[in-house]
Amino acid sequence: MPPIGSAYPYPRPIPINLIADAGDASIGEMISETKHGIFVTRFHYTNPVDPTKAVFTGLTRDGTFLIENGEITKPVMNLRYTDSMLSALKDIKMVGKKREIIEETTVPSLSLRKLRFTGVTEY
């Protein structure tokens, strides 16, 4: 049984040791196959908004860039995202061939068809 967390208004199980299989795409291929999109190098945090619908929110950090016609064209301000992870992850375009270990998570890069950005930072 996963540990029970109490950092939020109600106790709930906390998933730990998330591991996802790698795919066969490089970061360069993901970028070159994107007509118009956002390249996010890191998500600063992710918190639940509505866990029953898998809606989460968070910010990008340390490098967020505009992709136009398969090329990174310019940096953009850090962005807030708020979306259902079920919706965002249901249509993945590409999965990276290299996995990264981030705390208890081991995952590859993903090229998503959509992730709803809801705001921009002022810094």
Members of the range 67-123 found to be touching a residue at least 60 places away in the same chain (Cβ under 8 Å) and among the polar types (S, T, N, Q), listed by number: Thr105, Thr106, Ser109, Ser111, Thr118, Thr121
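May I ask you to list the residues in the range 103-123 that are assigned to a loop (DSSP other than H, G, I, E, B) and closer than 18 Å to Thr34 by Cα?
Going through the range 103-123, the residues assigned to a loop (DSSP other than H, G, I, E, B) turn out to be 103-104, 113-116, 121-123.
Listed by number, the residues that qualify are Arg113, Lys114, Leu115, Arg116.
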The one condition in (1) at pLDDT 95 or above; (2) assigned to a loop (DSSP other than H, G, I, E, B); (3) exposed (fewer than 10 other Cβ atoms within 10 Å of the Cβ); (4) not acidic (Asp, Glu) that Pro9 fails to fulfil: (1)
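The values are calculated or read from the model by the stated rules, or taken from the named source; none is laboratory data. As the structure is a prediction and not an experimental result, all values here were calculated from the model. Note that each Cβ is placed from the backbone with ideal geometry, even for glycine, and that neighbours are counted across all protein chains shown.
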